[in-house]
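Structure record follows, encoded as structure tokens.
No value in this document is a laboratory result; all are computed from the given coordinates. None of these values were measured; they are calculated from a predicted model. Cβ sites come from the backbone with ideal geometry, for glycine too, and all protein chains shown count toward neighbours.
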Amino acid sequence: MNRSFLIAGVAAGCLFAAPNVLLGGPPPNHHHHGGSSGVRLATDIVNLVRSVIEPTPVVVAPAPAPVVVAPAPVVVAPAPAPVVVAPTTYEYRYYNGVQVIYSGGWYWYGNTWCWGGRGAPPPPPRWRPSPHHYRPGPPRPAPRPAPRPAPRPRHY
């Protein structure tokens, strides 16, 4: 039973204190204008006079030195030389029964240039065909059969 009286007392105290806590204290007294307003006014006047007579020193920090950024040097490289990929004239011809690229007496056969012309060979072409450079072309014509010999007369 003591416990229930204790809980009821705490609840009643909370109900009476709640308006003061929630509203920020007791209601203001309209008959009393505050006793410290004269003291506050005197303090403000003294501070105003002091700021006129002895102004507070203003600390001026020196401005930081300007940062000078030099532009990066411009390097101009010469233009690369053009690369010659293929000559202006080439064709396809048969070499050892295989259709290959032909250029100026040279045949591209077996991933190398082979001389197929007559006389002393000039230097081979400097360009190399791509490994996928292939043109199937028409099949090689079949050799013609030799003509049949004329029948020989029979001697009986």
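What is the sum of charges around W113, taking Lys and Arg as +1, Asp and Glu as -1, for the other residues whose C-beta is under 13 Å from the C-beta of W113?
Numbers: positive: R126, R128; negative: none.
Residues close to W113 contribute a combined charge of +2.
Would you order R40, R148 from fewest to most other beta-carbon atoms within 10 Å of each residue's own beta-carbon?
Details: R40 10, R148 6.
So the ranking, lowest neighbour count to highest, is R148, R40.
What residues have an amide H closer than 5 Å to that of Y95, excluding those fewer than 5 places away on the same chain, when H is modeled at 1.01 Å from N in the peptide plane?
V100
Any chance you could run the full-extension gain for A120 through H155? It's 0.36 nm times the residue separation minus the Cα-Cα distance, nm to one decimal.
Numbers: separation 35, 0.36 × 35 = 12.60 nm, distance 5.74 nm.
That works out to 6.9 nm of additional length.
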